[in-house]
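Each remark here refers to the structure printed beneath this line.
The values are calculated or read from the model by the stated rules, or taken from the named source; none is laboratory data. Computed from a predicted model, the values in this text were never measured in an experiment. Because the Cβ atoms are built from the backbone with ideal geometry, glycine has one as well, and the counts that use them run over all protein chains shown. Just so you know, the surface numbers come from the protein's heavy atoms only, side chains and all, with ligands and any DNA or RNA stripped out. Shrake-Rupley method; radii C 1.70, N 1.55, O 1.52, S 1.80 Å.
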Amino acid sequence: MTADLGPPRTYASVAGRDLRLWTFGRHDAPRPAVVFFHGGGWRRGRVDQFRPQAEHLAGRGMVAVLVEYRTDGPVAATQDALAAMGHVRSHAAALGADPDRLVAAGGSAGGHLALATALLAPPDLAPSALVLFNPVTDTTGDYPDGYGRSWFDADDDARAYSPYHHLRPGTPPALVLHGTADTAVAFGNSRRFVDAMTAGGDQAILVAYEGQRHGFFNPGTANGDLYHARTTAAMTSFLESLGLIPRPSPSIME
């Protein structure tokens with residue numbers, strides 16, 4: 001899973017286990033950085049899930065980071081996500097990253113973890129933007145009302161880890177990419193989340209992929225290469241619009 005990612009960096013040690021991250025793109029001057037959290041329902045998943053996106057953004061001048069976290073449920077995973085983002089921020093100089101231009105990104109449960117860095121953490125940890133692939137936004141219910149309630153013993157505990165229930169003015173700009181035929185995390189969850197963000201005056205964009213199911217953006221799956229290309233293009237355009245990566249110079253035809 002990680003043998004070909006290059007040397008890792010330990011960002012935390014928990015119960016004798018080192019938790020690691022991998023970086024792509026090194027620069028002399030501080031550059032915007034994107035931190036990716038893989039999916040898998042907080043109980044499985046591959047740390048290299050977003051390697052293609054990381055390599056793409058590294059090629060566009062960003063520092064890209066892949067995070068390993070404990071797959072022991074949303075509580076442990078959230079703790080690790082906050083620790084990873086804190087490490088990237090506090091060690092930005094060593095990574096060649098600009099701590100004032102950090103993006104949190106992830107898919108499914110990893111989308112929840114990206115949101116956790118913005119909404120379930122102190123404001124000084126929050127990223128500058130969010131890129132979310134069919135994210136878990138509401139842990140107070142299970143499909144179709146949300147995802148993850150079964151991990152918690154009490155409603156209050158589920159609500160404490162639910163990004164939707166912690167929305168506040170000043171939430172970082174968000175791009176949400178979701179298939180309308182998702183049977184794991186209902187598309188309506190993302191629509192409700194984006195509607196709430198925009199109603200609060202914050203920037204949020206929902207891109208619907210008609211008829212696509214959960215994880216539709218992963219290359220190597222049915223139609224995955226096509227939708228990987230489309231979602232990568234949408235992500236790139238979003239980051240360009242925020243000035244986090246430069247727009248390509250127009251070619252001059254002679």
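Laid out as a table, the results:
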item: Cβ pairs under 9 Å, 6+ apart, first in the range 47-72 and under 21 Å from L242 (Cβ atoms), second polar (S, T, N, Q) and open to solvent by 40 Å² or more (accessible area, probe 1.4 Å); result: A54/T23; A58/T23; V63/T23; A64/T23; V65/T23
item: Flag for T231 being touching a residue at least 60 places away in the same chain (Cβ under 8 Å) and either in contact with a helix residue (DSSP H, G or I) (Cβ under 6 Å, 6 or more places away or on another chain) or open to solvent by less than 10 Å² (accessible area, probe 1.4 Å) (or both); result: yes
item: Output for the range 153-175, where each listed residue is closer than 18 Å to T139 by Cβ and either aromatic (F, W, Y) or touching a residue at least 60 places away in the same chain (Cβ under 8 Å) (or both); result: Y161, Y164
item: Test for D18: is it charged (D, E, K, R) and free of Cβ contacts under 8 Å to residues at least 12 places away in the same chain; result: yes
item: Members of the range 167-198 that are within 14 Å of L115 (Cβ to Cβ) and assigned to a helix (DSSP H, G or I); result: N189, S190, R192, F193, V194, A196, M197
item: Answer residue from the range 48-106, given it is under 16 Å from the mean Cα position of the chain (by Cα), acidic (D, E) and closer than 24 Å to V176 by Cβ and is surrounded by the most Cβ atoms within 10 Å (Cβ to Cβ) among those; result: D80
item: From G220, G215, G201, residue being at positive phi, in a loop (DSSP other than H, G, I, E, B) and surrounded by 13 or more Cβ atoms within 10 Å (Cβ to Cβ); result: G215
